[in-house]
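What follows is calculated from the coordinates using simple rules that are stated; it is not laboratory data. As the structure is a computational prediction, the values presented were derived from the model and not from experiment. Ideal geometry is used to build each Cβ from the backbone, glycine not excepted, and the neighbour counts take in all protein chains shown.
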Amino acid sequence: MNNPFSNKSDKSSQAKAQSQTRGNTFDPELNPNTFEDPEFKPDIEEGNPKHSASSTTNSTKDLEEIAKLARQNSELIGDLQRTRADFENFRKQVELQREQAKTIAKHATISKVLPLIDDMSRAIKAHPDLLAPVQKTLDKTLKALNLTPIDSNPGTVFNPEFHNAITMEEGDGDKEVIAEELIPGYLYEGEVLRAAMVRVKHQ
């Protein structure tokens, strides 16, 4: 004979066992919103003060590094500008020295020709009618050499910048004028190549 109380007890035990089994088994379909994985640990927790301090420190270091690079860049630009200015000054100085050397060489070359020009000038003064064609040739030669005779005609006011007084004659006045040109003087490209040798008198 079956015991009705025994069947009820077995069913109750089975239901209890199933309930415990369901409690230990994860079923996302039953309650997906309450699932929490105990093994999951986020790398960064929102609002973590340690993480905020670390980020601030990194940002400060980045700004300092940028400022350092900016200073270095500014220094390099300054060095480059100074080097460029020094090179430009050096280039100008070399160019000036080169032009001065050319001028000195030209002066030396033309100065060697002056004695010949002096001889021709004296010959022309001694025989102006006979050597008139030579005077024209001499004028063309002086122009080609960029030589300009210094005005030393009698009565011209004495100028120590262009004239070299060999003798000084006393006179009634205080004005110094040229009495006679002894050796002509010349300008080369506007500069005195040789001052004129003259006699000066007061009038």
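What FRET efficiency, computed as 1/(1 + (r/R0)^6) with R0 = 35 Å and r the Cβ-Cβ distance, is obtained for Lys106 and Ile166, rounded to the nearest 0.05?
Efficiency at R0 = 35 Å is approximately 0.80.
What distance in nm separates the two pseudo spin-label positions at Leu182 and Lys68, each 7 Å out from Cα along the beta-carbon direction?
Roughly 8.0 nm, to one decimal.
From the backbone phi of region 71-77, what are the Karplus-calculated ³J(HN,Hα) couplings (6.51 cos²θ - 1.76 cosθ + 1.60, θ = phi - 60°) in whole Hz, Gly and Pro given as x?
So the Karplus estimates, Gly and Pro as x, are 5, 4, 5, 5, 5, 5, 5 Hz.
Among Leu96, Met197, Thr167, flag the residue with its Cα farthest along the positive direction of the charge dipole of region 95-202, charges on Cβ as +1 for Lys/Arg and -1 for Asp/Glu.
About the Cα centre, the residue reaching furthest to the positive side is Leu96.
Which far-off residues, 5 or more places away or on another chain, put their amide H under 5 Å from the one on Ile150, with H placed in the peptide plane?
Result for Ile150 returns Gly185, Tyr186, Leu187.
Label Leu131 and Val157 with points 7 Å out from Cα along Cα→Cβ: what is the distance between them in nm?
It works out to 3.3 nm between the two label points.
Give the Rg (one decimal place) followed by the Dmax (whole number) of region 69-117, computed from C-alpha coordinates and expressed in Å.
In Å, with Rg to one decimal and Dmax whole: 21.3, 72.
List the extent of the Cα atoms of region 95-202 along each of their three principal axes, largest first, rounded to whole Å.
51, 40, 16
Quick one: which of 173-184, 68-79, 151-162 comes out on top by average Cβ neighbours within 10 Å, and what's the full order, highest first?
Ranking the peptides 173-184, 68-79, 151-162 by packing returns 173-184, 151-162, 68-79.
If each residue of separation counts as 0.36 nm, what is the full-extension length gain between Gln81 and Lys61 once their alpha-carbon separation is subtracted?
4.2 nm
Residue by residue through region 104-116, which ³J(HN,Hα) values in whole Hz follow from phi under the Karplus form 6.51 cos²θ - 1.76 cosθ + 1.60 (θ = phi - 60°), with glycine and proline marked x?
These are the phi-based 3J(HN,Hα) values: 4, 5, 5, 4, 5, 5, 5, 4, 5, 8, 4, x, 5 Hz.
Which percent, nearest 5, of DSSP beta bridges in region 95-202 are antiparallel?
In region 95-202, approximately 70 percent of DSSP beta bridges are antiparallel ones.
Run the dipole for region 121-186 about the Cα centre, Lys and Arg Cβ at +1, Asp and Glu Cβ at -1, nothing else charged, and hand back the magnitude in debye, nearest 20.
My answer is approximately 660 debye.
Pop the C-beta distance of Val94 and Leu116 into the FRET formula with R0 = 41 Å and round what comes out to the nearest 0.05.
Approximately 0.75, to the nearest 0.05.
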